[in-house]
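J.: Just passing along the structure, written as structure tokens.
The values are calculated or read from the model by the stated rules, or taken from the named source; none is laboratory data. In this text, all values refer to a predicted model and were calculated from it rather than measured experimentally. Cβ placement follows ideal geometry from the backbone for every residue including glycine, while neighbour counts extend to all protein chains displayed.
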């Protein structure tokens, strides 16, 4: 194929220097048809594209490879096999060709099959919907490097962001995140848009039909919103909060952040969300900021008188030492309930224990492992019967006793 410089020489020789085709062919050692084609087509550059790519070794496996590609096309992008995995699959079937042959075929097939996807822009009325999603961020918390779970909310009309951090993404965290978000916004919307979270969606049915978690349905009923789950692998249905995840990660967690505890982190997140809304111009109302639009949207939000009691409930048996195991830790309860089945209510920040309608224990929730948390007063009835336990009893080891009891312990030991 002729290069650009050779084509330029032919054109100058013919058009500028008025040489004949025969003379040009003789001087440049080119075929007459080649020179004639350059002059008549008036091109300055030639492109060669192979119309048919011979693949003699791949041809017997072509149908099998296309079948695998069509099967992958039905899956979410993250679950589709790479060209390397497809190459290894064909090798197990006896394919003796090279990886580049498979890679080129896969690339061409996917370009022809997918193309550029088009989307329809979505418009939401004030108070119509909010969107929810999770992300994972790495920070330094209390001197240790940890991965936190960040719950993201976004009002679909005003684009107002809200984020709150947790150590887990269990159901009670989802419930608490909604309570915190609606307090931040000053109300809820008429609809909530989610992907198919296992903590929220119990069963995926045909189309948009879902079976939602019963406790989550109670939350939705309390705040008067309708939960709507996206179609699997259709993140564009809640594209605003998907983009927010990337923006928050880039702007707030681009460098390693350090916090003493979750309370400090969440207060910082609230302040940053307000600052982002105050700085950002609204895409549909360029003369207003997101903060100004959300103030107008608050009039359309659904109001509730009291906050939802955001706990997940389960049952457990109290050990003979008046301890209850929950989430790899043990918590003390009143000794009179030893051996009994009790109710455990797990909140994002605390754990409460109930026997019937009576509260028998309340502790700050621990997120480490294999810890034992005591409240010495839970063992007071046992201590009356066995006062010697005051000396070496684990619940009383670090107990700051009244002066009279401290003297009694010192006499014992």
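J.: In the set 140, 209, 172, 226, which member is loosely packed, with under 14 Cβ neighbours inside 10 Å, closer than 20 Å to residue 263 by Cβ and assigned by TED's automatic domain parsing to the domain that holds residue 249?
T.: Step by step, each of 140, 209, 172, 226 is checked, and only 140 is loosely packed, with under 14 Cβ neighbours inside 10 Å, closer than 20 Å to residue 263 by Cβ and assigned by TED's automatic domain parsing to the domain that holds residue 249.
So that you can scan it fast, the table gives a plain yes or no per residue for (1) modelled with pLDDT of 90 or more; (2) under 25 Å from residue 213 (Cα atoms):
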site	(1), (2)
82	yes, no
96	no, no
137	yes, no
155	yes, yes
169	yes, yes
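J.: While we're looking at this one, here's another question. Which one of the conditions (1) modelled with pLDDT under 95; (2) assigned by TED's automatic domain parsing to the domain that holds residue 266 does residue 292 fail to meet, given that it meets all the rest?
T.: (1)
J.: Only residues that are closer than 13 Å to residue 109 by Cβ and either within 23 Å of the chain's Cα centre (by Cα) or surrounded by 11 or more Cβ atoms within 10 Å (Cβ to Cβ) (or both): list them for region 65-80, please.
T.: Listed by number, the residues that qualify are 65, 66, 68, 69, 70, 71, 72, 73, 80.
J.: Determine, yes or no, whether residue 159 is in contact with a helix residue (DSSP H, G or I) (Cβ under 6 Å, 6 or more places away or on another chain) and in a loop (DSSP other than H, G, I, E, B).
T.: Criteria met by residue 159.
Residues are listed down the side, and each one gets a yes or a no for (1) touching a strand residue (DSSP E or B) at 6+ places or on another chain (Cβ under 8 Å); (2) part of a strand (DSSP E or B); (3) farther than 28 Å from residue 219 by Cβ; (4) in contact (Cβ under 8 Å) with a residue 40 or more places away in the chain:
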site	(1), (2), (3), (4)
320	no, no, yes, no
324	yes, yes, no, no
348	yes, no, no, yes
351	yes, yes, no, no
363	yes, yes, no, no
377	no, no, yes, no
383	no, no, yes, no
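J.: Let me ask another. Among the residues of region 200-240 satisfying the criterion of being in contact with a helix residue (DSSP H, G or I) (Cβ under 9 Å, 6 or more places away or on another chain), assigned to a helix (DSSP H, G or I) and within 30 Å of residue 72 (Cβ to Cβ), which is modelled with the highest pLDDT?
T.: That would be 236.
J.: Let me ask something additional. Please state which of the following conditions residue 285 fails to meet, knowing it meets all the rest: (1) loosely packed, with under 15 Cβ neighbours inside 10 Å; (2) assigned to a helix (DSSP H, G or I).
T.: (2)
J.: Looking for whichever is out of contact with any strand residue (DSSP E or B) (no Cβ under 7 Å at 6 or more places or on another chain), within 15 Å of residue 153 (Cα to Cα) and in contact (Cβ under 8 Å) with a residue 40 or more places away in the chain here; the options are 290, 245. Which one fits?
T.: Every option except 290 fails the conditions.
J.: Determine if region 96-114 includes at least one residue that is touching a residue at least 60 places away in the same chain (Cβ under 8 Å), under 31 Å from the mean Cα position of the chain (by Cα), under 22 Å from residue 242 (Cβ atoms) and in a loop (DSSP other than H, G, I, E, B).
T.: no
J.: Then there's this: Find the residue count for region 336-346, including only residues that are more than 30 Å from residue 164 (Cα to Cα) and in a strand (DSSP E or B).
T.: 2
J.: Regarding residue 260, is this residue within 19 Å of residue 160 (Cα to Cα) and either without any contact (Cβ under 8 Å) to a residue 12 or more places away in the chain or not assigned by TED's automatic domain parsing to the domain that holds residue 350 (or both)?
T.: no
J.: For residue 341, all conditions in the list (1) surrounded by 12 or more Cβ atoms within 10 Å (Cβ to Cβ); (2) modelled with pLDDT of 95 or more hold save one; what is the number of the exception?
T.: The single condition residue 341 does not satisfy is (1).
J.: Of the residues 26, 22, which single one is in a helix (DSSP H, G or I), touching a helix residue (DSSP H, G or I) at 6+ places or on another chain (Cβ under 8 Å), more than 30 Å from residue 196 (Cα to Cα) and at pLDDT 90 or above?
T.: On inspection, the qualifying residue turns out to be 22.
J.: What's the number of the condition residue 267 fails, among (1) surrounded by 13 or more Cβ atoms within 10 Å (Cβ to Cβ); (2) assigned to a helix (DSSP H, G or I)?
T.: Unmet for residue 267, out of (1) surrounded by 13 or more Cβ atoms within 10 Å (Cβ to Cβ); (2) assigned to a helix (DSSP H, G or I): (1).
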